[in-house]
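Working notes, structure below.
Readers should treat all values here as calculations from the given coordinates under stated rules, not as data from a laboratory. These numbers come from a predicted model, not from an experiment. Every residue, glycine as well, gets a Cβ built from its backbone with ideal geometry; the counts of neighbours run over all protein chains shown.
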Amino acid sequence: MEPEPAVLESLRNAVAAMPDDVPLRLHLAELLLRAGQRDEAVRHLGAVLQRDPGNAQALGMLTAPAPAAGQHPPAPAASVSPERSAPSADTPASSPAVPDAPAASPSDGDDDDPVPAADDLAGEYDWSQAENELSDVLPAMFVDDAGSTSAGIEEARAYDAERAGITLADVAGLTEVKQRLEAAFLAPMRNPELRKLYGKSLRGGLLLYGPPGCGKTFVARAVAGEIGARFITVSFADLIDMFVGRSERNIHELFQVARRNAPCVLFLDEVDAIGQKRSQLRNTPMRSAVNQLLLELDDVANDNTGVFVLAATNHPWDVDSALRRPGRFDRTLLVLPPDGPAREAVFRYHLRERPVGGIDLAKLSKITDGYSGADIAHICESAAERALLDSVRRGEPRLIGQADLEASVAEVKPSLGTWFDTARNVALFANEGGAYDDLVAYLRKRRLI
Amino acid sequence: MTELRQELARAATMLDLGRYDEASGLLARVVAAEPGSSRAWCLFARAHLGADRYQEAVEAANRAATLEPTEEWPHRLASNALMHLGSHAEALRAASESRRLAPAYWQTHVCVAQAALAASQPTQAAAAAAEARRLAPNEPDVHFLSGKVALARGDLEGAREHQERALALDPAHSGAMNELGRIRLRRHDTAGAIRHFISAARATPGEHIYSRNIDVVILRTVSRMIYVFVLIALLLLWVPPVAHLDNFPFVLGFGLLALGMLAAFAVMVLRLPREARRLVRRTLRTRRVATALAVAIGGVAVAFAAVAFVPADELPQTLPVAIIITIGARMTATARLRSTAARTHAGGGAGRNQPGPSARR
């Protein structure tokens with residue numbers, strides 16, 4: 001039900017008299033959204049966020065999507081009446097006006113119940129119902145959405161997510177990578193009987209390589225999730241710490257932890273740091289670290305089952321060739337820049353918690369061919385910054401639009417040029433034994449060689 | 001104190017791995033917390049050097065030198081950064097100071113040799129390189145630098161021996177491979193030069209100067225081919241007025257010239273390794289090179305057509321125009337090729353994507 005214009009007017013006057021009253025502004029914004037006066041509502045929500053940057057209710061109202069044009073969702077069954085949610089004279093200014101329990105809440109009828117703290121109220125607040133209520137006043141986040149944003153966000157976990165328990169199904173796009181992973185690593189692992197029949201051993205690890213910021217770490221996590229194993233990740237900083245102490249003992253302990261936690265995926269990120277060509281290493285502890293790593297890898301192959309060593313590097317050509325012999329990292333997998341669906345998912349992921357409207361993901365995906373996932377994150381960041389500055393300049397907040405994102409794409413250049421220059425050298429001069437055939441094929445396809 | 005030592009060890013490891021930005025971040029915090037640590041400032045200078053921030057490197061090295069005036073390393077670092085900034089006289093002064101402080105340390109002599117070479121003082125560079133060789137006869141970088149000094153002095157044979165010695169000591173020394181390519185180039189052995197550049201690029205694919213050197217050699221070859229083609233065309237243009245030939249033998253002569261040039265180029269390309277042939281194909285397909293070739297061939301063809309198809313009595317007026325067109329075509333084509341090659345030249349590389357040996361401790 002639309003609020004009376006007179007009510008809106010009196011609330012406007014109240015807000016003008018008390019501009020710092022956050023609950024009052026929130027209430028007015030909600031009524032304005034309900035009345036279809038989106039621009040004014042967004043301005044008030046912006047003012048709320050200026051005073052209380054983390055205000056969940058304001059953020060919720062700003063980011064809640066509306067159905068595509070022409071769709072009119074049914075009126076919410078349990079909407080909060082203005083009278084019910086308006087702050088009373090004796091309500092402290094800090095108590096939220098709107099996030100009271102909905103009318104159907106069991107506590108409504110019981111006035112003796114203690115008033116929950118604001119945090120508690122927030123915990124009980126029915127966000128999905130609120131989204132439904134406001135869904136007709138804000139434009140759809142993405143132009144191709146059919147009323148739902150959740151599917152895309154699920155896919156978007158392909159990038160930059162840091163949660164355990166993901167599988168390859170969570171990796172958006174990268175179909176070829178998944179197929180090769182399945183063939184090289186997962187299929188033999190999932191079928192022990194067939195493996196035994198064909199005498200296929202599980203010796204050796206898998207080396208993921210490719211340009212930076214393209215999801216190698218995420219793919220490694222997904223592999224761990226796929227085989228239901230624990231995941232131990234060793235980052236560059238961990239490796240540096242190892243070198244500073246007694247590197248051999250540290251590496252041995254790391255592998256011991258992995259063995260104790262079997263089945264376990266031990267993931268060595270930026271393995272070129274630990275396994276750099278010994279000829280390039282002047283530092284003696286680092287040379288001995290490479291030797292120790294070789295020793296541990298051989299131990300894994302001979303004595304331990306259930307420890308799967310995965311590694312990732314941007315520069316496989318800098319990895320000591322001894323590490324890539326059979327039984328060690330003898331299988332390699334090229335993780336390329338995100339393809340079209342993956343780029344869409346990355347955009348969705350990075351825009352999911354920002355106030356956006358009318359975003360054409362298909363077009364963005366098309367114009368960002370050759371960008372890494374990290375580049376796309378930077379584009380989203382840059383577009384948000386652009387909208388924010390514009391809001392400050394105009395004195396009223398606005399949504400991040402397609403134009404902001406396209407302008408950011410024009411500004412942000414793909415960061416993979418240097419990597420591809422080196423990759424081109426590798427493809428032309430250093431593809432001995434066909435180790436980089438998949439890279440050569442990709443470069444040829446993109447006419448880079 | 002232990003914590004500082006650990007942080008410095010961590011930073012040194014990052015630098016050894018070529019992670020200059022991470023090391024810079026760490027060292028910025030360290031020098032803020034411990035501004036009196038000369039070693040921290042030296043490492044900071046090395047991080048700046050690796051990240052091509054030369055002015056900052058000079059400043060950090062000077063801070064270290066102020067804190068510990070008897071230490072030679074800050075002067076070497078400053079010398080290295082000043083060389084990159086083009087302040088060769090200052091670089092040489094800083095290098096000489098490091099040598100004065102630690103004359104028994106071979107790296108100080110390498111530093112002097114590098115600075116002297118950059119300051120176009122090959123005799124001083126040769127003396128410093130000889131002293132470095134005496135102190136560290138089994139150090140590949142010393143022989144690598146000695147070879148560079150010899151090449152600068154025009155001693156191609158001496159340069160080759162030094163680079164081969166560097167390679168014997170370190171078979172993966174891509175800088176030495178690159179220098180051998182440059183020596184071949186000075187001997188006009190294009191195919192041999194390209195082979196060495198390819199070996200260097202194969203050993204260190206991350207060092208882009210080697211593949212750029214190959215591109216430069218290819219462009220030079222194309223430029224030379226155009227030069228010879230235009231030169232012969234200019235001579236042939238005089239044939240009709242002098243010999244009073246018909247059109248047919250004249251046009252045939254032009255066709256044979258074009259075919260001959262093409263065949264000569266094809267033979268040269270076929271002598272190259274497979275990887276280089278692929279690069280040649282790619283270079284010829286680039287717009288600038290294709291335009292240069294089209295301009296040269298088109299200009300000569302127009303000039304030939306003008307001379308071949310005008311009546312004999314108009315030849316005296318047509319011939320100068322044809323000659324101007326031919327020369328103009330050659331100049332335009334060469335300018336086009338130069339703009340392609342302008343971004344680079346067949347240069348030497350340290351062989352590793354890190355500051356040279358004189359910057360390391």
If amide H atoms are built 1.01 Å from N in the plane of the peptide, which residues on other chains or at least 5 residues away come under 5 Å of the amide H of residue A:208?
A:311, A:312, A:313, A:333
When N counts the residues of the range B:213-341, how does its alpha-carbon radius of gyration compare numerically with 2.2 N^0.38 Å, as a ratio?
1.15
Listed pairs A:413/B:148; A:216/A:363; A:366/A:445; A:178/A:366 exceeding 29 Å between Cα atoms:
A:413/B:148
Give, as a single signed number, the net charge of other residues whose beta carbon lies under 12 Å from the beta carbon of residue A:226, with Lys and Arg counted +1 and Asp and Glu -1.
+1
Whole-Å distance linking the alpha carbon centroid of the range A:356-373 with that of the range A:232-268 is 38
Can you give me the long-range amide H partners of residue A:231? Hydrogens built in the peptide plane at 1.01 Å from N, cutoff under 5 Å, separation of 5 or more residues or another chain.
A:265
